[in-house]
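Notes follow once the structure below has been shown.
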Amino acid sequence: GRISTDVLTKAVRAQESEIKKLSGTANLVSKAFKGWQLAAGTIAGVSFGVNRIMSTVIAGGRAEMQKIDAIGDAAEKLSIPIEQFSKIAAAANYDIDLTTDIVAGSLQQMVGVIQKAEAVFAKSERLLARVGVTTKQLKGLNPAEQLMKIADAIALMPDSNEQLATTVELLGDGKWVSMLREGGDALERKLGLVTDLGGALTEEDKRQADIL
């Protein structure tokens, strides 16, 4: 993000087309804040008036645009849509207190382990196989889809120690197990809540953040 007070002031005073552009920027910043307020557990009942949004753009817009940039960059590195990654990141931050960087690192580790699991006889490969999931099946999916399948598998594991061992080997952080052990459907509902509350980002949001 590259918003400054001077630029914002000029935009407010500019012709109608520029004001419309500013309005779009405010909406984008509002969306970014909604995602992170969800993470703080304070989204319910929050509404953004025009004055509040403009104040936010001036005072905190740059930081929020940087967050959008970071989420977009992480999604690109993982080769998954920004909307999918932003929902996973927001849900993980709210549910298990993981930052965007940690979420991205976990998914990158998961992809790496899945790619080499058979060759190195990974413990997660054996544990997943017990509940009917193979890393060969997972390789054809993107990381967001892999996470859903892994959640389904973990939910089927009868032993909590196996759940934890699988989670740690694949994602690097035991906190994930509490988010995954309820299965893929439950995880999908959590991600849907992020969308319902306006916290999911889109490619257009990322494009606007890059422009600003």
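The values are calculated or read from the model by the stated rules, or taken from the named source; none is laboratory data. Values in this document were obtained by computation on a predicted structure and should not be read as measured data. Here the Cβ positions follow ideal geometry from the backbone for every residue, glycine too, while neighbour counts run over all protein chains shown. The accessibility values were calculated without ligands, DNA or RNA, using every heavy atom of the protein model including side chains. Shrake-Rupley method; radii C 1.70, N 1.55, O 1.52, S 1.80 Å.
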Subset of the stretch 149-183 (residues that are more than 11 Å from Leu127 (Cα to Cα), in contact (Cβ under 8 Å) with a residue 40 or more places away in the chain and of a type in the set (Ser, Thr, Tyr)): Ser178
Condition met for Glu83 (over 25 Å from Asp210 (Cα atoms), of a type in the set (D, E, K, R) and open to solvent by 30 Å² or more (accessible area, probe 1.4 Å)): no
Residue selected from the stretch 181-212 under the condition open to solvent by less than 80 Å² (accessible area, probe 1.4 Å) and part of a loop (DSSP other than H, G, I, E, B), by the criterion farthest from Leu128 (Cα to Cα): Leu212
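Could we say that Leu147 is surrounded by 21 or more Cβ atoms within 10 Å (Cβ to Cβ), under 13 Å from the mean Cα position of the chain (by Cα), among the aliphatic types (A, V, I, L, M) and modelled with pLDDT under 90 here?
Values: surrounded by 21 or more Cβ atoms within 10 Å (Cβ to Cβ): yes; under 13 Å from the mean Cα position of the chain (by Cα): yes; among the aliphatic types (A, V, I, L, M): yes; modelled with pLDDT under 90: no.
So Leu147 fails the test.
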Tally, over the stretch 153-166, of residues that are buried (at least 19 other Cβ atoms within 10 Å of the Cβ) and either among the hydrophobic types (A, V, I, L, M, F, W, C) or in contact with a Gly (Cβ under 6 Å, 6 or more places away or on another chain) (or both): 3
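Restricting to the stretch 122-180, give me the number of residues that are in a helix (DSSP H, G or I) and at positive phi. I'd like the intermediate steps shown before the answer.
Narrowing the stretch 122-180 to residues in a helix (DSSP H, G or I): 123-130, 135-138, 143-156, 160-171, 176-180.
Subset that is at positive phi: none.
Total meeting the criteria: 0.
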